[in-house]
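J.: Have a look at the structure that comes next, please.
The values are calculated or read from the model by the stated rules, or taken from the named source; none is laboratory data. Remember, predicted model here, so these are calculated numbers, not experimental data. Note: ideal-geometry Cβ built from the backbone for every residue, glycine included; neighbour counts use all protein chains shown.
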């Protein structure tokens with residue numbers, strides 16, 4: 001049985017492999033799932049993503065399934081409860097940010113449209129040859145970060161915003177020789193890697209919606 005070619009970061013951890021193979025880079029338009037990803041990417045700050053992924057169910061249990069309306073009503077008692085919860089990374093600043101971000105999220109008329117506006121409403125289909133080609137931030141992630149901060153969000157720096165863009169499929173950052181590249185683009189074939197330049201600025205311009 002041949003092992004499919006994957007992005008190197010997926011490694012061999014079964015949880016990471018499943019995440020890479022079924023979730024990462026798939027376009028997300030559901031507001032609840034986008035809010036969860038926004039929170040979890042913020043929780044990742046200073047940590048490895050696998051640390052958060054292994055605790056994802058703990059986060060869901062602790063934060064009422066990332067129900068923004070419930071989270072927006074959390075009190076000091078909830079903060080204390082969360083600081084005592086071994087199922088999450090117990091960081092007071094990040095817990096406070098989750099609660100504040102829930103309130104900010106509810107203050108946006110259409111948060112899904114806002115986030116997708118930074119890529120013109122459709123996924124950017126990048127054409128990376130190696131992991132070294134993949135940027136940590138882009139102009140779009142800087143713009144998203146700036147806009148979210150103005151709206152009152154925290155733990156939404158440009159790197160976190162780009163990680164959100166990757167995980168939520170606003171950009172397709174699977175390497176072109178990864179078996180998921182064509183699946184994420186909608187089933188089309190991946191570009192011929194031999195015809196691509198290892199150029200971090202090389203990308204397919206997204207269509208407007």
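For (1) in contact (Cβ under 8 Å) with a residue 24 or more places away in the chain; (2) within 24 Å of residue 9 (Cβ to Cβ); (3) out of contact with any strand residue (DSSP E or B) (no Cβ under 8 Å at 6 or more places or on another chain); (4) crowded, with 20+ Cβ neighbours inside 10 Å, each residue gets a yes or a no:
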site: 75; (1), (2), (3), (4): no, no, yes, no
site: 90; (1), (2), (3), (4): no, no, yes, no
site: 111; (1), (2), (3), (4): yes, no, yes, no
site: 116; (1), (2), (3), (4): yes, no, yes, yes
site: 120; (1), (2), (3), (4): yes, no, yes, no
site: 139; (1), (2), (3), (4): no, yes, yes, no
site: 143; (1), (2), (3), (4): yes, no, yes, no
site: 147; (1), (2), (3), (4): yes, no, yes, no
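J.: Give the residues of region 61-71 that are surrounded by fewer than 17 Cβ atoms within 10 Å (Cβ to Cβ) and either on the phi < 0 side of the Ramachandran plot or assigned to a loop (DSSP other than H, G, I, E, B) (or both), sorted by residue number.
T.: Result: 61, 67, 69, 70.
J.: Residues in region 1-53 that are assigned to a helix (DSSP H, G or I) and surrounded by fewer than 17 Cβ atoms within 10 Å (Cβ to Cβ): how many?
T.: So the answer is 13.
J.: Is it the case that region 156-168 has a residue that's within 24 Å of residue 16 (Cβ to Cβ), touching a strand residue (DSSP E or B) at 6+ places or on another chain (Cβ under 8 Å), modelled with pLDDT of 95 or more and in a loop (DSSP other than H, G, I, E, B)?
T.: no
J.: Farther than 25 Å from residue 182 by Cα and in contact with a helix residue (DSSP H, G or I) (Cβ under 6 Å, 6 or more places away or on another chain), is that true of residue 17?
T.: It is false that residue 17 is farther than 25 Å from residue 182 by Cα and in contact with a helix residue (DSSP H, G or I) (Cβ under 6 Å, 6 or more places away or on another chain).
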